[in-house]
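Please read the structure below before turning to the comments.
Values in this text are rule-based calculations from the coordinates and carry no lab data. Please read all numbers here as calculations on a predicted model, not as lab measurements. Counting neighbours? That spans all protein chains shown, and the Cβs are built from the backbone with ideal geometry, glycine included.
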Amino acid sequence: MKDLRNYISIKRITLFSALIVVLFISEGCGESEVFNEVENIQDIIAPLPEYTPVPENNPQTAEKINLGKQLFWDPILSGNKDVACATCHHPEKGYADALDLSIGVNGIGLGEQRRGIVLAKRNANTIINTAYNGIKNDDSYTPQSAPMFWDNRAMSLEEQALLPLLSKEEMRGTAIPENILYDSIINRLNQIEEYKLAFKNVFGEESISMEKVAQAIASFERTIIANNSPFDRYIRGDVNAMNQQQINGMNAFINVGCAECHSGPMFSDFELHTIGVPDNPKLPSTDSGVNTYTFRTPSLRNLPLTAPYMHNGMHASLQEVMNFYEDVAEGDTDDINVHISINDIDPLARQLEMDNDVIDEIIAFIEALDDNNFDKSIPASVPSGLPVGGNIHN
């Protein structure tokens, strides 16, 4: 936490200096009013810290990260041994899968080419920057209570890492009952000498447990970060990192009200909101979220890499997302979930009135949150000898 607080303090100093420079330059260009509203921007949206906080009970080591990477790519963790974490969280797809609803067990192929009849209930969130989930501008963040999933049902990467294994649609399938799945996985791992040795080297003892599996996977996931986008560089002091349209979009993003929910370094308040996204027609029944169709505010980082959007992938492009919010603001009920009324939608979503020029600027700004410089390496093999990443090759 000390490193995080020190970083944020330094960030605010450099931001103030950068703004003075930008204001000075813009005066000479006749565009000073563009910057009138960004003096306190660090209290609304902010750059990501250089380092990710790590829980005290799960310190990072190179050996643990490597073990976690092997487990992340190894389908040995799935009931049918055909799906790995990486199947739906692949670096070529921004550590998501480019599908509206993920295809888990019994599927074949990668991304848009994946085929199967078993659909997950929701769109796959990217792994990128999940190590920062829950972070606020005031550095009040603990990795032990970081909200995960579209409904915040897990509160750390460690807790999140194991839940997809239990889902019959995602990784478990139907061959192994849920109540014995973990024991089955441990027995499998104990039969592989490379894993037995790796767990002993990392944890200092031969016994393998699901808690250790989760700690290793979480340690690997904390290395998948992208914290040097044009926006991050701009706020840190590089006044040339964003172009004029993106700067205009940043101001519009705040003025229109997008930052009421998409705030902080991750551009998310990590709260649950009802915004009225219609059900995905591929699902056999409605998905009401936690209650009254509430879902967590997603991060806006690296969105160009992780389409489609919303909790069920119902919007294929950022333009569609913005048009949806504009329709909601206008009270148009044609495109909202049929199970709720316009009055059920969060007032923060109903205020987002935008014309086409503003929409274009905001999309340009969102694209400035993209950082493609993250670990995309894929292991050549995994200790089980199974196909790396599961059945992802057609």
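Packing order of peptides 211-224, 320-333, 51-64, highest average first: 211-224, 320-333, 51-64 (average count of other Cβ atoms within 10 Å over each peptide's residues). Inter-label distance, GLN144 to THR174: 4.1 nm, where each label sits 7 Å from its Cα along the C-beta direction. The HN-Hα couplings worked out from phi for the range 370-379 by the Karplus form 6.51 cos²θ - 1.76 cosθ + 1.60 (θ = phi - 60°) are 8, 9, 8, 9, 9, 5, 10, 5, 10, x Hz, whole numbers, x standing for Gly and Pro.
Near ILE103, the amide H atoms lying under 5 Å from its own belong to ALA120; only residues 5 or more places off or on other chains count, and H is placed 1.01 Å from N.
In this simple spin-label model, placing a label point 7 Å from the Cα along the Cα-to-Cβ direction at both ASN57 and ALA380 gives a separation of 3.8 nm. When each of the peptides 233-240, 272-279 is scored by the mean number of other C-beta atoms lying within 10 Å of its residues, the order from highest to lowest reads 272-279, 233-240.
Normalised by the number of residues in the chain, the mean separation of alpha-carbon contacts (under 8 Å, six or more apart) gives a relative contact order of 24 percent. When each of the peptides 385-392, 114-121 is scored by how many other beta carbons lie within 10 Å of its residues on average, the order from highest to lowest is 385-392, 114-121.
Once the Cβ-Cβ distance of ASP43 and ASN343 is raised to the sixth power relative to R0 = 30 Å, the FRET efficiency obtained is 0.45. Length available on full extension from GLU271 to LYS196: 0.36 nm per residue minus the Cα-Cα distance, which gives 23.0 nm. With the simple spin-label model, which puts each label point 7 Å out from Cα in the Cβ direction, the ASP183 to SER317 separation comes to 5.3 nm. Helix 356-367 and the long axis of the chain differ in direction by around 50°, with both axes built from C-alpha atoms.
Close amide H pairs (under 5 Å, H built 1.01 Å from N) link HIS315 with TYR309, residues at least 5 positions away or on another chain.
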